[in-house]
1. In the range 79-97, what residues are of a type in the set (S, T, N, Q) and surrounded by 15 or more Cβ atoms within 10 Å (Cβ to Cβ)?
2. Could you say which residue among Ala263, Ala277 is farther than 25 Å from Arg402 by Cα, assigned to a helix (DSSP H, G or I) and not charged (D, E, K, R)?
3. Within the range 129-150, restricting attention to residues that are under 29 Å from the mean Cα position of the chain (by Cα) and part of a helix (DSSP H, G or I), which residue is surrounded by the most Cβ atoms within 10 Å (Cβ to Cβ)?
4. I'd like the full set of residues that are without any contact (Cβ under 8 Å) to a residue 40 or more places away in the chain, among the small types (Gly, Ala, Ser) and either surrounded by fewer than 22 Cβ atoms within 10 Å (Cβ to Cβ) or outside any helix (DSSP H, G or I) (or both), limited to the range 284-314.
5. Just for the range 158-188: of the residues that are of a type in the set (S, T, N, Q) and in contact with a Lys or Arg (Cβ under 9 Å, 6 or more places away or on another chain), which one is nearest to Arg120 (Cα to Cα)?
6. Can you tell me how many residues within the range 151-161 are charged (D, E, K, R) and within 30 Å of the chain's Cα centre (by Cα)?
7. Identify, please: which residue in the range 231-241 is surrounded by fewer than 17 Cβ atoms within 10 Å (Cβ to Cβ) and free of Cβ contacts under 8 Å to residues at least 24 places away in the same chain and is, among those, farthest from Phe318 (Cα to Cα)?
8. Please name all residue pairs, on different chains or six or more residues apart, with Cβ atoms under 7 Å, provided the first residue is in the range 177-198 and is in contact (Cβ under 8 Å) with a residue 24 or more places away in the chain and farther than 16 Å from Val15 by Cβ and the second residue is part of a helix (DSSP H, G or I) and among the charged types (D, E, K, R).
Amino acid sequence: MLGALIPLFDSKTQVKAYSIFAQKYNSYMNPSILGTGSLDGSGSVLGIDIVESMGLETVADDKNVFVEVNNVSIFSNIDEQFTDSHEKLVLLFDHNVTPTDMYVNRLKELKASGYKLAIRKLQVKQFEEYKSILSLVDFVLLDHKKIDITKAKIYFQKVYPNVSLVAVNVNTQEDYDALTQDGGYNLYEGKFFRIPVVNAKEDISPMKATYVELLNIVNDPDFDLDKAAAVIEHDTALVISLLAMVNRMTVNSGISTVGHAAAMLGQKELKRWINTAVTKELCSDKPGEITRVSLIRARFAELIAPTFGLSASSSELFLMGLFSVIDAMLDKPMKEALEMVKVSKDIANALVEGTGKYAPVLEFMNAYGDANWSEVSRQLILVNGKDSDIYEAYTSALSWFRDLFYGKEK
């Protein structure tokens, strides 16, 4: 099993939903599924399996979740598979669910049960043919590069006023800005939020400069605890966060000074906490998903280190994952951003040049984050990796992020 979350944003770069894209088997180890992929999961919906095993809160923080169904799995007993609130689940299908009585009646049943419906990969010329399905769906996913949204907006507002339009493949900030200005779409999916703003001002803010200074202190091979504590003391948010965390860890300790808290944690744990806490602060003026992506990547990279024969470098891989979107955090090209932050040559080579011993891990994480399952499968073959290990690492990273920011599940 492989599964990844793809965020959907509104016009204010707030995440409103996640899509779960899943694959049951490694396509290179099981080449037959390339020809029968549409039948994969005919007995169950893989995305629902993921939600059920992890809990809706861990997967999507109680937001709507889009899960793929195909022309076979749409007839499975979804009610038995999904035990959470039906209105949180959006069943996503494509044009292979055709406007015939069999499918239309099934969609009506699902709609009556409280599920939301979404369709993708529908061409403009098919709109009229699929009107019996379009009248039932809540979302229509459109490739913004292949459609005139001005005309589409008029059409949908007139014929299907309750349908929300979702722009997919929005891969640059310029495209996102233009589309939100036009106002035809309700949600947006793509890589745009991970791309640095190319026309950003040259200098970073004084506050971000302080955070970069702190990163440089703790990522020195043998950093000074007192020096780190002195920088932390100048930022109220970091002070509160550090004292709260240490006091939770040491019940009834009553730790009240940054220096004492730093000493209690020690170098290794303080370094890990600062890297995660500072990343959150660096992203304070960015879409919240940047923080989530950065930290999940960090933990994911750390956990898959053994798969790539890099167990001894797991801490380094944590940093590589953490800084894999630092260009977007600082609105700088990756090379310039890393020149401001002290990282090892191996991390820099991977992030800037795509070379060195960590590059395969970064390449793998990028493919996994984009749910590029054919590439993920290919790379797993090269390292003799197991789908189950990767899936466990990814879901563990999601749980770790939840615990880090929202506390452990009760």
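1. Correct list: Gln81 only.
2. Result: Ala263 is the single residue among Ala263, Ala277 that is farther than 25 Å from Arg402 by Cα, assigned to a helix (DSSP H, G or I) and not charged (D, E, K, R).
3. Taking the candidates together, the pick is His144.
4. Selection gives Ser284, Ser311, Ala312, Ser314.
5. Here the answer is Asn169.
6. The number of residues fulfilling the criteria is 1.
7. My answer is Thr236.
8. Here the result reads Gly184/Lys153; Pro196/Asp327, each pair linking the range 177-198 to a residue that is part of a helix (DSSP H, G or I) and among the charged types (D, E, K, R).
The values are calculated or read from the model by the stated rules, or taken from the named source; none is laboratory data. In this text the structure is predicted, and so the values were computed from the model without any measurement. Cβ sites come from the backbone with ideal geometry, for glycine too, and all protein chains shown count toward neighbours.
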